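Taking it in order: structure first as structure tokens, then the write-up.
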């Protein structure tokens, strides 16, 4: 079924072209789109569906099955807490609580002012410094409640 | 880069590289993902700059390498040939290292590893207890390879196994050697690799594919990441040898989304190998054609399962399918496909070069060779350990791992990730071996070894794994999806103090169905963490259920934070730091936690000065009423 | 096509080599319970109710008969103790999601799952029923059998309905715009739904769209 698009997104088309419109590259295409646009909008999914010839329902399943994708816009700053087993054993749940309380959102959510997105990861592979919090690519090992608050405030001011 | 058109070309290149670097010192800096979390990039750049500044550039080579294994101490700097090992190196240490050690040959004592028991400073890397009993056959080469230089790999003898295979071994001969070696899948299933290759070789259908499974999803395991970051060529070479033996013309490397540096490094490696003619058309002039594609995962643990991985490569949902048919006969695009784990592939060049007998010289009767473990958790020396199969768990945890820090007591070691189980102290003399670990109700798995101490609640550990699996299950089949859901509900109740008589038996009952009726290995092994913690720590479950108490003082809903009035010195620290403003008191008035406001964040326990130690955790007992009449503080 | 001989419940059965154990059993008049299987759709292997015990040489294992291909000399037991024990547990798990539905009632009576007895009618509202189920009733009335999704995809080729999410969050949803443009005229999937609530899901989707 052909979806009429109000305005095809050039960036998306470029990415599809990079993979020669190959259906089997669907996931790789979506990964790149997510990286560039920080989320997958309804229009984007429709466009990819049409360009690759994959049913929209399939694309929705893929976009909701794989956790790399977000169907809502992400916050400006990303905060990730590792919940891998080693970090778990070293107190990650408490760290998670501290961060969640500071940001006033739960894992998987974005703050109402769209400044912060909070996510969990199941092992970032730096178990030696655990428990680990990553803020915009910067790693923090064993941060105390105070440190968490300091880092977050610094980011708020940055915005 | 000149194309290598024959094994002879490769040999001469190696000789050239060895000649160029003859007599030069090597300064190897750990700069993989773990190192970078502690600013190893800055250390590396500072070292390169300082060396240039001091005019030492001609006499030594600086290498930005992957993980050496002792991650707890990273960034580490290894100086060869002396083997001087500096640990915990910071950017401000660099000038001293250059002027003293590199220029003058003097050791900087304070940067050496200090043995915690003897207090002795150890100079040589191989003498450090962490490394002493290891056999770093596979991971050890990370030390000698700059992550961006194929030449380093070639200088070590890299691709010589491929050359040997292409110039003198038939595919069946190659498979025989791998079979003879006894190499078993290092990703967890432990299936004999040679046999797997043979099934694929014998299967009808063209083209055939070989795949590297770098979806390493077990939380706490990062061996494959370190190999892919630090020595991707060892995996490429193994893959090429396998492709030749099986008759495959296309290869895929599936790397999980969370490993960007691994993707970057393997893509660089592929490009450089192609430039040398070690990949692509007519490899080493042998007529072998082989292309490799890198494919990123998108955040799904289940895609570590062979058939789900294949589905994901085809652009579909990562849902496993039942076997038969097996991927060896019908895999990617319905063609014969062989998938192996990163570490499995990395072992292949060693087996070809040193022989099956050499490989068998280490290990037990049923489990040969070495295995890389990620030894993490409540441990003094956390990191990646490569040990021969057959070494006991106790030796790994205590001799290599250094035992439990802070004077705490060992409780259990968890192996095999979410598919595995816990092993108690009484069984620490169990040798690490596929069958031995299975018999205990655990599994070898991909090599994650999480050490737990007296502060770890094992009921909470079971809950943790089930919670992980509830989100990672693809959700297709009833036993896995609904079984895990119900088991998790019961565990949540138990950890929250609402456990009931019969819960343990119900967990065992559901677990049995999940194990026997699930479609894939994720489901089939999902009950292991629960069943294994019940097997060895049933009393802990019973205390949670009958006494509503958590002996490890870990389960949030079952513990209360309490300030002991006799110990409190009213220093105001916890009062000020409490994020919930739940503590009342004043300069000379004993501090009291208002339990209705307390969020159990643990800050008060953290900040109370150790010499007072007034904050404690209680479980299973009623919190004493605050002493209203006695508001004074007992000064010590 | 080559023919294969196997034994199902002590009965000698012959089948074509491409057949599944379920097909071979049904052709021989042996009944195996199923939920997610349909003659017009590719075998799915999700409900696991059709699980049987197979023995090859000395090895026994439990497999889903709807997707397992027949093999020469295979010994199959459709009702051994491990099979019935697990089947009972599966039914208990499903009953918690869709209590009272006809599709499960017959099996429930046969396997004696706690909530179902012959001749008794169980209301779908928890609290009214006087028996205990093993699990708290949390009705979704969707067993995620996938019959609707697969039918729309494989037979109608409209893909107006699909799965979203993963694990315990997996759900079936109608794609609002596609569904609005054709479901009312089709409704082929409605009678396939074992809980009978598919039409309700559609109505909810329509309501959401206009909201």
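Observations on the model:
- Here segment B:360-401 is the region considered, the condition is being at positive phi and within 13 Å of chain A (Cβ to nearest Cβ), and the residue that is surrounded by the most Cβ atoms within 10 Å (Cβ to Cβ) is B:377.
- Of everything listed in (1) in a helix (DSSP H, G or I); (2) surrounded by fewer than 18 Cβ atoms within 10 Å (Cβ to Cβ); (3) within 14 Å of chain A (Cβ to nearest Cβ), the single unmet condition for residue B:130 is (2).
- Some residue of segment B:314-332 being modelled with pLDDT of 95 or more, buried (at least 20 other Cβ atoms within 10 Å of the Cβ), within 14 Å of another protein chain (Cβ to nearest Cβ) and not in a loop (DSSP other than H, G, I, E, B): yes
- Within segment A:139-154, the residues that satisfy the criterion of being out of contact with any helix residue (DSSP H, G or I) (no Cβ under 6 Å at 6 or more places or on another chain) and facing chain B (nearest Cβ under 9 Å) are A:140, A:144, A:146.
- Looking only at residues in segment B:258-298 that are out of contact with any helix residue (DSSP H, G or I) (no Cβ under 7 Å at 6 or more places or on another chain), within 21 Å of residue B:32 (Cβ to Cβ) and modelled with pLDDT under 95, the one that is surrounded by the most Cβ atoms within 10 Å (Cβ to Cβ) is B:258.
- Sole exception among (1) assigned to a helix (DSSP H, G or I); (2) more than 14 Å from every other protein chain (Cβ to nearest Cβ) for residue B:549, by number: (1)
- Yes/no for residue A:80 being more than 14 Å from chain C (Cβ to nearest Cβ), free of Cβ contacts under 8 Å to residues at least 40 places away in the same chain and touching a strand residue (DSSP E or B) at 6+ places or on another chain (Cβ under 7 Å): no
- Scan of segment B:464-482 for residues that are buried (at least 24 other Cβ atoms within 10 Å of the Cβ), in a helix (DSSP H, G or I) and over 21 Å from the mean Cα position of the chain (by Cα), ordered by number: B:478, B:479, B:480, B:481, B:482
- Residue list for segment B:429-454, restricted to those being part of a loop (DSSP other than H, G, I, E, B) and either closer than 22 Å to residue B:188 by Cβ or at pLDDT below 95 (or both): B:430, B:432, B:433, B:440, B:441, B:442, B:443, B:444, B:445, B:446, B:447
- Qualifying positions in segment C:156-205 - away from every other protein chain (no Cβ under 13 Å), in contact with a helix residue (DSSP H, G or I) (Cβ under 7 Å, 6 or more places away or on another chain) and in a helix (DSSP H, G or I): C:190, C:192, C:198, C:199, C:202
- Single residue of A:65, A:116 found to be within 14 Å of chain C (Cβ to nearest Cβ) and buried (at least 17 other Cβ atoms within 10 Å of the Cβ): A:65
Residue by residue, here is whether (1) surrounded by 13 or more Cβ atoms within 10 Å (Cβ to Cβ); (2) at pLDDT 95 or above; (3) more than 30 Å from residue C:166 (Cα to Cα) holds:
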| position | (1), (2), (3) |
| --- | --- |
| C:2 | no, no, yes |
| C:11 | no, yes, yes |
| C:17 | no, no, yes |
| C:35 | yes, yes, no |
| C:43 | yes, yes, no |
| C:46 | yes, yes, no |
| C:55 | yes, yes, yes |
| C:75 | yes, yes, yes |
| C:80 | yes, yes, yes |
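- Checklist (1) more than 10 Å from every other protein chain (Cβ to nearest Cβ); (2) in contact (Cβ under 8 Å) with a residue 40 or more places away in the chain; (3) over 25 Å from residue B:73 (Cα atoms) applied to residue A:131, failing item: (3)
- Residues located in segment B:599-619, provided they are touching a strand residue (DSSP E or B) at 6+ places or on another chain (Cβ under 6 Å) and closer than 20 Å to residue A:102 by Cα: B:604, B:605
- Residue that is farthest from residue B:388 (Cα to Cα) [pool: residues in segment B:483-500 that are free of Cβ contacts under 8 Å to residues at least 40 places away in the same chain, surrounded by fewer than 24 Cβ atoms within 10 Å (Cβ to Cβ) and more than 10 Å from chain C (Cβ to nearest Cβ)]: B:498
- The set of residues in segment B:299-313 being within 13 Å of chain A (Cβ to nearest Cβ), touching a residue at least 60 places away in the same chain (Cβ under 8 Å) and not in a helix (DSSP H, G or I) consists of B:300 alone.
- Just so you know, in segment B:340-359 the residues that are more than 14 Å from chain A (Cβ to nearest Cβ) and within 20 Å of the chain's Cα centre (by Cα) include one that is surrounded by the fewest Cβ atoms within 10 Å (Cβ to Cβ), and it is B:344.
- Answer from B:472, B:454 - the residue that is over 30 Å from residue B:369 (Cα atoms) and either within 14 Å of chain C (Cβ to nearest Cβ) or in contact with a helix residue (DSSP H, G or I) (Cβ under 6 Å, 6 or more places away or on another chain) (or both): B:472
- Residue in segment B:501-523 that is in a loop (DSSP other than H, G, I, E, B), buried (at least 18 other Cβ atoms within 10 Å of the Cβ) and touching a residue at least 60 places away in the same chain (Cβ under 8 Å) present: yes
- Qualifying residues in segment B:100-113 (those that are surrounded by fewer than 20 Cβ atoms within 10 Å (Cβ to Cβ) and touching a helix residue (DSSP H, G or I) at 6+ places or on another chain (Cβ under 8 Å)) - the one farthest from residue B:380 (Cα to Cα): B:106
The values are calculated or read from the model by the stated rules, or taken from the named source; none is laboratory data. Keep in mind it's a predicted model, so treat the numbers as computed, not measured. Glycine gets a Cβ as well: all are built from the backbone with ideal geometry, and neighbour counts include every protein chain shown.
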